[in-house]
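> Below is the structure I would like to discuss, written out as structure tokens.
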Amino acid sequence: MPHADIPVIQTERLVLRGPAPEDYPKFESTFTSYRSRFMGGPLSEYESWMLYAAEIGHWQIHGFGMWMIHDRETDATMGMAGGWFPKGWPEREIAWMIWPAVEGRGVALEAVHAVRSWCYDHLGWDTVVSYVDPKNVSSVRLCERLGARLDPQAESIDSHDVVYRHPSPAQLRGTQLADGIAMEVRNYIDPLFKPKGVPLD
Amino acid sequence: MTAIPTIDTARLILRAPGPQDFPAMRAFYASDRSRFVGGPKDAEGAWRQLATEIGHWALCGYGRWIVEDKATGTVCGIVGLWNPEGWPEPEIGWDLFDGFEGRGYATEAAEAARAHAYETLGWRTVISLVDPANRASARVAERLCARPDGEFTHAVFGTVIVYRHPVPEVCL
């Protein structure tokens, strides 16, 4: 069972809960694979387990952290998304990872949009960034779909990443940007729903 | 998550690790004292280690406690039950921070952790892994009546000596 204090977030297709011991297997297979090359991996099994434990400890230290993303219907794990702020990070980050088999269904878009809104609404953040390896095309693309923009002035973790700054809470409140994200998610749920003017990958 | 119990011994308090323990962890991992336990680590590495110590409790239902010197309230080490992925079996581990050696604190805290493993968790056996060059740690194992029981080789820690503790009937 996840930590009782970690809030549960529901979206149309997903339920996000604190990371639990039984959710670990696909985290390990992702972090010990080539898939994790932009997230500090691939790691050994030992390093992967230590990182998973640290993801849980992060919640206790900061009161926020990475949620485990579950399929609302099957409860299967799909990846993780949330706030990430370990020592050494210049500022708070919205981070994500999606298991390889889950890619291409808009799960990261739906989950990251939900956790970003949660952090803005419940933690009172007025800004947040994502640190992205510029070679990680899927993440760069996701940043753009989420309305985040390159912030060349912001300090990066090291020279290997670029900083995307997310839209502020005000820029997401009842705006065209927020509607666009919701419509893109709707298109994944119902592919026959094709709103005009929404870029679909 | 399992509530982390607090244990009271003659001179020490064993309590849950928390954010307030970061300075002590950073100092320990910055020092040469951490060379047998994966250090030295920079501040970022020490922070992740602290987060991992907390998460270990959630993943396993047991873990390591921050040890406080009762008289002064000072944090003097991190001791407890440790079993990350790839470990040969659950162990009792002890890291004593600078300035607290030579008082039997590691032994006293490890004895309390062992009692918790046997009495509360119902374990029938437990080991401690000791780097062959870490004489101070081997002496703690010996004072706890643990005896060498083979070797274990780990990708990060190399080959270490497995000390096996006496069974519950002998310890309790």
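> Please work out whether the protein assembly as shown counts as rounded, prolate or oblate from its C-alpha gyration tensor, where a ≥ b ≥ c are the square roots of the eigenvalues and a/c under 1.5 means rounded, while otherwise a/b larger than b/c means prolate and anything else oblate?
In terms of gyration-tensor shape, prolate.
> Near A:LYS135, which aspartates and glutamates are there with a Cα under 12 Å away, not counting those fewer than 8 places off in the same chain?
Correct list for A:LYS135: A:ASP161.
> While we're on this one: Rounded to the nearest 20 Debye, what is the dipole magnitude of the protein assembly as shown about its Cα centre when Lys and Arg each give +1 and Asp and Glu each give -1 at the C-beta?
Approximately 260 debye in magnitude.
> A further question follows. Could you give the size of the charge dipole of chain B about its Cα centre, using +1 on the Cβ of each K and R and -1 on the Cβ of each D and E, expressed in debye and rounded to the nearest 20?
180 debye
> For the range B:7-124, what class follows from the C-alpha gyration tensor (a ≥ b ≥ c being the square roots of its eigenvalues): rounded when a/c is under 1.5, otherwise prolate if a/b is larger than b/c, else oblate?
oblate
> Something else: Mind telling me which of A:GLU47, A:GLU155, A:GLU22 comes out most flexible in a GNM of chain A, alpha-carbon contacts under 10 Å?
A:GLU22
> Per residue of A:56-68, how many C-beta atoms from partner chains lie within 10 Å of its own C-beta, taken as a mean?
On the way: counts 9, 16, 6, 5, 11, 10, 2, 1, 0, 2, 0, 0, 0.
Per residue, the average neighbour count from other chains is 5.
> Right, another one. Counting other C-beta atoms within 10 Å, and keeping those with at most 15, which DSSP coil trypsin sites (Lys or Arg not before Pro) do you find in the range A:49-119?
A:ARG72, A:ARG105
> Long-range amide H contacts for A:SER33: which residues qualify at under 5 Å (H placed 1.01 Å from N, peptide plane, sequence gap of 5 or more or a different chain)?
Close amide H contacts, sequence-distant or interchain: A:LEU43.
> Sticking with this structure for a sec: Using a cut-off of 14 Å between beta-carbons, work out the net charge of the residues near B:VAL170 (Lys and Arg +1, Asp and Glu -1, B:VAL170 not included).
Values: positive: B:ARG114, B:ARG124, B:ARG147, B:ARG164; negative: B:GLU111, B:GLU119, B:GLU169.
With Lys, Arg at +1 and Asp, Glu at -1, the neighbours total +1.
> On to the next question. Which listed residue (B:GLY99, A:ALA111, A:GLY18) has the Cα farthest towards the positive end of the charge dipole for the protein assembly as shown, taking +1 on Lys and Arg C-beta and -1 on Asp and Glu C-beta about the Cα centre?
A:ALA111
> In addition: What is the dipole size for chain A, taken about its Cα centre, with +1 at each Lys and Arg Cβ and -1 at each Asp and Glu Cβ, in debye to the nearest 20?
On the way: 19 positive and 27 negative charges, 111 e Å.
Here the size comes out at about 540 debye.
> Using θ = phi - 60° and the Karplus relation 6.51 cos²θ - 1.76 cosθ + 1.60, list the HN-Hα couplings for the range B:152-163 in order, rounded to whole Hz, with x at every Gly or Pro.
9, 10, 10, 4, 8, 9, x, 8, 10, 8, 8, 9
> I've got another one for you. Any idea which of B:CYS171, B:LEU129, A:THR74 is furthest toward the positive side of the dipole for the protein assembly as shown, if Lys and Arg beta-carbons carry +1 and Asp and Glu beta-carbons -1?
A:THR74
> May I pose another question? Just how far, in whole angstrom, is the range A:47-104 from the range B:32-63 if you go by their alpha carbon centroids?
One Cα centre to the other: 19 Å.
> Hey, what do the phi angles of the range A:105-119 turn into as Karplus ³J(HN,Hα) couplings, whole Hz, using 6.51/-1.76/1.60 and θ = phi - 60°, x for Gly and Pro?
Rounded to whole hertz, the list is 10, x, 5, 5, 4, 5, 6, 5, 4, 5, 6, 5, 4, 4, 5.
> Right, something else. Test of the criteria: in the range B:85-172, which GluC sites (Glu not before Pro) are in a DSSP loop and have at most 15 other Cβ atoms within 10 angstrom of their Cβ?
Of the GluC sites (Glu not before Pro), the ones in loops of the range B:85-172 whose Cβ has at most 15 other Cβ atoms within 10 Å are B:GLU101.
> By its C-alpha gyration tensor, with a ≥ b ≥ c as the square roots of the eigenvalues, how is the range A:9-189 shaped: rounded for a/c under 1.5, else prolate for a/b larger than b/c, else oblate?
Here the range A:9-189 falls in the rounded category.
> Could you tell me which chymotrypsin sites (Phe, Trp or Tyr not before Pro) in the range A:145-197 are loop residues by DSSP with no more than 13 other beta carbons within 10 angstrom of their beta carbon? Walk me through the numbers before you get to the answer.
Details: sites: A:TYR164, A:TYR188, A:PHE193; in loops: A:PHE193.
Those that pass, being in a loop and sparsely packed, are A:PHE193.
> Calculate the mean, over all residues of peptide B:56-67, of how many other protein chain Cβ atoms lie within 10 angstrom of the residue's Cβ.
The mean count of partner-chain Cβ atoms within 10 Å per residue comes to 3.
Read the figures in this text as sums done on the coordinates, not as results from a lab. Just so we're clear, the structure is a prediction, and the values are computed from it rather than from any experiment. Don't worry about glycine lacking a Cβ; one is built from the backbone with ideal geometry, like all the others, and counts go over all protein chains shown.
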